[in-house]
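Since every read-out is calculated from the coordinates, none of them should be taken as a lab result. Only a predicted model underlies this, so the values are computations on that prediction, with no experimental measurement involved. Glycine also receives a Cβ, built like all others from the backbone with ideal geometry; neighbour counts cover every protein chain displayed.
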Amino acid sequence: MTRWRGSAAQVIVLGLLAIFVLLPFYWVVAGSFRTPEEVIARAAPWFPRSLTLEHYGNLLRQSPFPTYLLNSLIVAFGTMAFTVVVSTLAAYGFYRLRFPGREWLLNATLLAYAFPGVLLIVPMYGMMSTLGLIDSLMSLIVINVTFAAPFAVWMMKAFFQTIPLELEEAAILDGASRFQVLTRIMLPLTAPGVASIAIFAFVMSWTEYMFASILILSDDQRTLPVGLAGIIGQYQIDWGLLLAGATLITLPVVILFAMIGRYFVEGMTAGAVK
């Protein structure tokens, strides 16, 4: 009886937590299908009385939202690809190679998180200006990889440490090169870890606003967070347009989690145990 009560209490708590987390998302999605009158109503009903795609039509046809979406996809997938390649190679090097200062250099990778991002705006802007990357999507990819790679390196190193060293030694005795060992043995065995850092890099770059608002100057190079903020007028806000944009912004993240989300959960748990 006590065990049943404990299980029931857990279900109730988890249910309330799920409602608390999902309710804002439901309100955004439901609001994007409401008529303009219902959106601005003082007491809007929980369920839309009539559904409309007017806001989505206006967003896709009368605003530069498709351009912002394409820019965000380029930045997010570019960040994800570079982060996976760089962090995997670095983590494997820290795991297998023995060289002076290895532990110090590994700890130094976390310096990217030692300072608030706002303190790095001026030096980062100067570096991007020197490289000629101001108002370029590549500048955002470089910035995002800089902040995503340190965490990804530590996570991948934890995954590599769970693999028996005998597997590598056997492959090397069979004539495999170090690169072949990494690509054909280590990476398939650490697929949850690769998925974890891929999702982490994608979501981080997808939602990044501060550097995107400073390094990007022209409207046709803006990403979704900055572009959607620009859609909001100074004196008048089209709430239906804003809710439709917020709904579409979440779709790529939801699709990505639906495809490889289970690997992300496995990675966050398995990689924590050596």
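Couple of notes before you dig in:
- Backbone geometry of segment 168-183 corresponds, through the Karplus equation with coefficients 6.51, -1.76 and 1.60 at θ = phi - 60°, to 3J(HN,Hα) couplings of 5, 4, 5, 5, 5, 5, 7, x, 6, 7, 4, 5, 5, 4, 5, 7 Hz, x marking Gly and Pro.
- Residue among Asp174, Asp219, Asp238 with the largest mean-square fluctuation in a Gaussian network model of the chain, springs linking Cα atoms under 10 Å: Asp174
- Added length on full extension, which subtracts the Cα-Cα distance from 0.36 nm per residue, Phe20 to Phe115: 31.0 nm
- Comparing Ala18, Ala244, Ala81 in a Gaussian network model of the chain (Cα springs below 10 Å), the most mobile by mean-square fluctuation is Ala18.
- Estimated at 0.36 nm per residue, the fully extended path between Leu131 and Ala8 surpasses their Cα-Cα distance by 38.4 nm.
- Charge sum, other residues only, whose C-beta stays under 15 Å from Arg222's C-beta, Lys/Arg counted +1 and Asp/Glu -1: -4
- Both the radius of gyration and Dmax for the chain are 23.0, 73 Å, in that order, over alpha-carbon atoms.
- Of Thr88, Thr130, Thr109, the sequence from fewest to most neighbouring Cβ atoms within 10 angstrom is Thr130, Thr109, Thr88.
- Ranking of Tyr56, Tyr209 by neighbouring Cβ atoms within 10 Å, starting from the fewest: Tyr209, Tyr56.
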